[in-house]
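None of the figures in this text is laboratory data; all of them are computed from the coordinates on show. All values derive from a computational prediction rather than experimental measurement. Backbone-built Cβ (ideal geometry, glycine too); neighbour counts: all protein chains shown.
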Amino acid sequence: MSTPPSNGDRPVVIAVNAAGVAALVLGIVALIGAFLPVIGIVLGILFGLAGLVAGIIGRRQAADDTDPRRQNLGIATGGIVASSIALVIAVLQIVGIVTLTGLETTQFDEYVDSLGNHVPAIDIDTSGG
């Protein structure tokens, strides 16, 4: 029977890339939130940007050869990818809203311009009979 290797009385330290984990969590929240109407734009942009920054920091920490957090490179990368997708979805929502709003405003303005000074008058009978 073999005994497991002993490291003495020293505690086992597991290195965690906190920035990478934060990036992944923020990216997932941003990605889910980006599909919600109206508030999704805010969630997608705010959490997406925060996740992107945290992911970049996490990748830099994981890329350092002397850092024991190297094994968590994929978590930071996943956070960057999820955050980037959420940002793209939020920007596409903004572009869609601006485009649709702009079309409606343009069509209304064209209609008003076509009327010119010939706005139809409405006769209101106030005589009561």
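Which order, highest average first, do 38-47, 22-31 follow once you tally other Cβ atoms within 10 Å for each residue and take the mean per peptide?
In descending order of packing, they fall as 22-31, 38-47.
Subtract the Cα-Cα distance of ASP64 and THR101 from 0.36 nm times their separation in residues, and report this length gain in nm to one decimal.
Length difference between fully extended and current span is 8.5 nm.
For the pair ASP113/VAL25, report the inter-label distance in nm, with labels modelled 7 Å from Cα in the Cβ direction.
5.3
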